[in-house]
Structures are given as structure tokens and as C-alpha cells.
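Since the structure comes first, as C-alpha cells, the remarks are kept for the end.
The values are calculated or read from the model by the stated rules, or taken from the named source; none is laboratory data. All values reported here derive from a predicted model rather than from experimental measurement. Ideal geometry is used to build each Cβ from the backbone, glycine not excepted, and the neighbour counts take in all protein chains shown.
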Amino acid sequence: MAADWFDGGGSGSPVDVHAVLDGMPTQGVLELVEAGALVSLGLTSDGGALGVTITVDGRWRREYFRGGEELQAWIAEALPAVAEARGDARPSSGSGSRSRSSRRR
């Protein structure tokens with residue numbers, strides 16, 4: 001089958017995930033998690049971009065990145081929004097223990 005207009009999008013080169021996350025973007029992801037957000041990372045189906053999803057209390061936002069500078073700028077915007085969305089509902093930093101009830105059969 002011959003390539004057509006629909007096959008012409010994108011650069012066709014895989015994203016270097018290590019390069020995108022190297023340095024400050026990784027620190028930013030850690031800060032988002034510490035602030036109470038769920039952060040999900042994954043590649044697009046063609047491997048051409050890193051998808052980053054931030055979820056707080058059921059609300060989420062996803063963007064796609066090929067470079068670390070763009071990701072770092074987006075994280076810098078996300079941190080205050082996550083803090084505002086979480087309010088005082090941040091998880092406890094105490095080291096409490098959870099007990100599991102055992103099932104009886």
C-alpha cells in the first residue's frame with residue numbers, strides 16, 4: 001500500500017526518554033508526586049513523544065513532549081495548580097501502619 005497524506009505527519013524518529021527526563025524534569029515529577037498528584041508517563045503509540053498525565057482528585061491533564069525544557073516549563077506551571085487543587089488535603093507524612101484484616105473461609 002502506498003503512503004498517502006495521512007502517513008506524512010510527525011518526524012518519525014523515536015523520542016529519547018532519558019534525555020527528556022534528565023535533570024530538572026525528573027525533580028519536577030518528584031515534586032508533583034510529593035504535592036499529592038498522580039503522575040503517569042508513557043510513550044505515544046509511534047514512540048515519537050513522551051506523554052505525561054497529571055491527575056489530582058479525578059481531574060487530569062495530559063501533554064506530549066519531545067524535549068526536557070518544554071516538560072520542565074509545563075511542570076513549573078503544574079506545581080501551583082496541583083497545590084491549589086489539593087488544598088489542605090495533602091497526604092500525611094507520618095509513618096503510620098496499616099493493618100489488614102484477614103479473610104476467614
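Here are some notes:
Residue by residue, here is whether (1) at pLDDT 90 or above; (2) in contact with a Ser or Thr (Cβ under 8 Å, 6 or more places away or on another chain) holds:
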| site | (1), (2) |
| --- | --- |
| ALA49 | yes, no |
| THR53 | yes, yes |
| TRP60 | yes, yes |
| GLN72 | yes, no |
| ALA83 | yes, no |
| ARG90 | no, no |
| SER93 | no, no |
| SER97 | no, no |
| ARG100 | no, no |
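- When residues of the stretch 31-48 are limited to those that are assigned to a loop (DSSP other than H, G, I, E, B) and surrounded by 12 or more Cβ atoms within 10 Å (Cβ to Cβ), the one farthest from the chain's Cα centre (by Cα): ASP46
- Given (1) farther than 25 Å from PRO14 by Cα; (2) over 13 Å from the mean Cα position of the chain (by Cα), index of the condition ALA73 fails: (1)
Residue-wise test of (1) basic (Lys, Arg); (2) closer than 15 Å to HIS18 by Cβ.
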{"site": "LEU32", "(1), (2)": "no, no"}
{"site": "LEU38", "(1), (2)": "no, no"}
{"site": "LEU41", "(1), (2)": "no, yes"}
{"site": "ASP46", "(1), (2)": "no, no"}
{"site": "LEU50", "(1), (2)": "no, yes"}
{"site": "GLY58", "(1), (2)": "no, no"}
{"site": "ARG61", "(1), (2)": "yes, no"}
{"site": "GLU70", "(1), (2)": "no, no"}
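- Taken over the stretch 13-30, the criterion of being among the hydrophobic types (A, V, I, L, M, F, W, C) and part of a helix (DSSP H, G or I) is satisfied by VAL17, ALA19, VAL20, LEU21, MET24, VAL29, LEU30.
- Within the stretch 49-80, the set of residues being touching a residue at least 12 places away in the same chain (Cβ under 8 Å) and not in a strand (DSSP E or B) comprises ALA49, ASP57, ARG66, GLY67, GLY68, LEU71, GLN72, TRP74, ILE75, ALA76, ALA78, LEU79.
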